[in-house]
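Novice: Mind looking over this structure? Questions follow.
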Amino acid sequence: MRKVFLSTVLIFSVFYSVAQTEKTKIGHFVIRYDKDVEAYALSSTHILNFVWEKLDELGFKPPKKIKFNLVKSDRNVLFKDRDKPIITLEYTTLDPSKISQNLVYGLCHEMGHLCMFNITPNKNNWMSIAYREGWANIFGESMTTLLYEKYGLDVWHNPYDYLARLGVYIAMRTQAIESGENIHDMFISDIFWKMLVDEKGLDKIPFFFRQIKSNKVRNPNADKKFRAELVKLNVSSDFLNYFDQNKQIMIRHE
Ligand SMILES: [Zn+2]
């Protein structure tokens, strides 16, 4: 019995890896995907390459080669590898009418993480989760908007208005901030990054990240060192006040 069972497992795994998984390079991405989701893999890679080109234009100097894995799974989740330029999308289905995740925005969001950690790796643990996610949220929103402006609903295989769905999230955030109730840390950090990008422009952010790195913003006193970099950027007093009131949400003390 045991022998029969093992050989069945072996046959299944050989069939699985040989018959279904494709690997190809498009632009700056090496992608792995199952053949039956090829159209989605191509949409995703098109989005990732679009964002890569924007990052390059803005001066982020993104890695020349990034891996992107589409993996059939029992959950729907997108993540970037902790240290390496690898983005993974685990999915149960990629049909936007069947899952709640905003996949176009999600891909842009992960590229936001990638470009931040490509310049300022968080070895000293001073960045809070809200700090990191707030940046990826605002960057992701901005890239999703640019994608829909350029390609409309054709951004995603089987057209879907992910931009409208993003609008609901932004409205919720604005409402939460205005009502002053149940304000989530991430919303506070979203506003921080939104204000910074609105004041200085996305193209100033790579310079800002490089200053953070070269001037060694880290603990102890990461909040003071980070604030000094904001002052050097010549931000408005309103923005500095906002940072002073909320810095403990974004900068961790160790
Ligand atoms: Zn994230």
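Novice: Return the residues of the stretch 70-88 that are touching a Leu at 6+ places or on another chain (Cβ under 9 Å) and basic (K, R); say none if nothing qualifies.
Specialist: Within the stretch 70-88, K80 is the sole residue that qualifies.
Novice: Can you name every residue in the stretch 106-124 that is over 8 Å from the mean Cα position of the chain (by Cα) and either surrounded by fewer than 23 Cβ atoms within 10 Å (Cβ to Cβ) or within 11 Å of the ligand (Cβ to nearest atom) (or both)? Quick ask: steps written out before the conclusion?
Specialist: The first filter runs over the stretch 106-124 and keeps only residues over 8 Å from the mean Cα position of the chain (by Cα), leaving 115-124.
Correct list: M116, F117, N118, I119, T120, P121, N122, K123, N124.
Novice: If you don't mind, another one. Can you name every residue in the stretch 79-100 that is within 13 Å of the chain's Cα centre (by Cα) and either more than 25 Å from R218 (Cβ to Cβ) or more than 13 Å from the ligand (Cβ to nearest atom) (or both)?
Specialist: If the condition is that a residue be within 13 Å of the chain's Cα centre (by Cα) and either more than 25 Å from R218 (Cβ to Cβ) or more than 13 Å from the ligand (Cβ to nearest atom) (or both), then P85, I86, I87, T88, L89 are the ones that fit.
Novice: Output the residues belonging to the stretch 142-156 that are assigned to a helix (DSSP H, G or I) and either of a type outside the set (V, I, T) or at pLDDT below 90 (or both).
Specialist: Initially, the stretch 142-156 is screened for residues assigned to a helix (DSSP H, G or I), giving 142-155.
S142, M143, L146, L147, Y148, E149, K150, Y151, G152, L153, D154, listed by residue number.
Novice: Going through K232, K247, K224 one at a time, which residue ends up being over 20 Å from N118 (Cα atoms), out of contact with any Phe, Trp or Tyr (no Cβ under 7 Å at 6 or more places or on another chain) and surrounded by 15 or more Cβ atoms within 10 Å (Cβ to Cβ)?
Specialist: Working: K232 fails: surrounded by 15 or more Cβ atoms within 10 Å (Cβ to Cβ); K224 fails: surrounded by 15 or more Cβ atoms within 10 Å (Cβ to Cβ).
Exactly one of K232, K247, K224 is over 20 Å from N118 (Cα atoms), out of contact with any Phe, Trp or Tyr (no Cβ under 7 Å at 6 or more places or on another chain) and surrounded by 15 or more Cβ atoms within 10 Å (Cβ to Cβ), namely K247.
Novice: A further question follows. Looking only at the stretch 208-243, which residues are part of a loop (DSSP other than H, G, I, E, B) and among the aliphatic types (A, V, I, L, M)?
Specialist: Those that are part of a loop (DSSP other than H, G, I, E, B) and among the aliphatic types (A, V, I, L, M): V217, L233, V235.
Novice: Hey, among the residues in the stretch 190-221 that are in contact (Cβ under 8 Å) with a residue 60 or more places away in the chain and touching a Lys or Arg at 6+ places or on another chain (Cβ under 8 Å), which one's surrounded by the most Cβ atoms within 10 Å (Cβ to Cβ)?
Specialist: V217
Novice: Quickly run through the stretch 41-56 and pick out the residues that are under 13 Å from C115 (Cα atoms) and in contact (Cβ under 8 Å) with a residue 12 or more places away in the chain.
Specialist: Hits for the stretch 41-56 are L48, V51, W52, K54, L55.
Novice: Shifting gears a bit: What pairs come up if the first residue lies in the stretch 60-84 and is more than 18 Å from E22 (Cα to Cα), the second is in a loop (DSSP other than H, G, I, E, B) and within 16 Å of the ligand (Cβ to nearest atom), and their beta carbons are under 7 Å apart, counting only those six or more places apart or on different chains?
Specialist: Short answer, once both residue conditions are applied: P63/P85; N76/Q101.
Novice: In the set Y40, Y33, which member is away from the ligand (no atom under 15 Å from the Cβ), part of a strand (DSSP E or B), more than 16 Å from the chain's Cα centre (by Cα) and of a type in the set (F, W, Y)?
Specialist: Answer to the selection: Y33.
Novice: Next question. What's the number of the condition E181 fails, among (1) at pLDDT 95 or above; (2) out of contact with any helix residue (DSSP H, G or I) (no Cβ under 8 Å at 6 or more places or on another chain); (3) exposed (fewer than 15 other Cβ atoms within 10 Å of the Cβ)?
Specialist: Going through (1) at pLDDT 95 or above; (2) out of contact with any helix residue (DSSP H, G or I) (no Cβ under 8 Å at 6 or more places or on another chain); (3) exposed (fewer than 15 other Cβ atoms within 10 Å of the Cβ) one by one, E181 breaks only (1).
The values are calculated or read from the model by the stated rules, or taken from the named source; none is laboratory data. If you're wondering where the values come from, they're calculated on a predicted model, not measured in any experiment. Backbone-built Cβ (ideal geometry, glycine too); neighbour counts: all protein chains shown.
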